[in-house]
Amino acid sequence: MNPQTHLAIDGYVDALPAHGTSWGTVRFDLIHFPTDADSLAPDTPDTVYACTTGDPRITDVLLCEIQPGDLVRVTGTLAPPDDPEKPAHFTVDGLEVLEAAPAPVVYGLVLERFGNYAVVFDADRDQVPVFTTSGRWVGEAATAETISDLINAYECPLTMKLVRRGGAELGGLD
């Protein structure tokens, strides 16, 4: 192989693309599976390419639309690594999404709204996180039955102080 080769590679995006080391660049790892996997030994590793781009159109797509597991075709210039233990470097000048990754499904979680509040029920926990609908953290109710107590305490700081002190006297509140 030449020191640099221009080619197209199909592969899966390994993790969310991230901003690169210089302004306006993006970096991501691409996992390439051999096309003739049946003829290779079962323990043949997949190839990882360390990809970067500075093209503003590609950068925008990578940062705003691409998700881990998306199958993409990248075109660009491949340069062998300086260290044989590290992945080859691929400078991307073209990107095509071949297949979007399936949307992740979160099992056992239910998001429910209580007026201006949102709560997250998790089948694996008794505690219930509570937020305002604008995203501000309210607190964690010990059980589903205590959600309204937590919201009431959040809306009235004096009540919240009393709840924290277990209903102590009004004097000496901080």
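A few points about this structure:
- Test: residue in the range 74-90 that is open to solvent by 80 Å² or more (accessible area, probe 1.4 Å), not charged (D, E, K, R) and not in a loop (DSSP other than H, G, I, E, B): no
- Test: residue in the range 86-105 that is aliphatic (A, V, I, L, M), closer than 30 Å to residue 49 by Cα and modelled with pLDDT under 80: yes
- Number of positions in the range 49-72 that are within 13 Å of residue 13 (Cβ to Cβ), touching a residue at least 40 places away in the same chain (Cβ under 8 Å) and β-branched (Val, Ile, Thr): 3
- Output for the range 44-73, where each listed residue is loosely packed, with under 14 Cβ neighbours inside 10 Å and either among the hydroxyl-bearing types (Ser, Thr, Tyr) or in contact with a Lys or Arg (Cβ under 7 Å, 6 or more places away or on another chain) (or both): 44
- Qualifying residue in the range 95-117 (condition: exposed (fewer than 12 other Cβ atoms within 10 Å of the Cβ), touching a residue at least 60 places away in the same chain (Cβ under 8 Å) and under 29 Å from residue 64 (Cβ atoms)): yes
- The requirement of being closer than 24 Å to residue 23 by Cα and polar (S, T, N, Q) is fulfilled nowhere in the range 110-121; no residue meets it.
- Exactly one residue out of 133, 143, 75 is out of contact with any helix residue (DSSP H, G or I) (no Cβ under 7 Å at 6 or more places or on another chain) and in contact (Cβ under 8 Å) with a residue 40 or more places away in the chain: that is 75.
The values are calculated or read from the model by the stated rules, or taken from the named source; none is laboratory data. From a predicted model like this one, the values you see are computed outputs, not experimental measurements. Don't worry about glycine lacking a Cβ; one is built from the backbone with ideal geometry, like all the others, and counts go over all protein chains shown. To get the accessible areas, we keep the full protein, side chains included, count just its heavy atoms, and leave off ligands, DNA and RNA. Shrake-Rupley method; radii C 1.70, N 1.55, O 1.52, S 1.80 Å.
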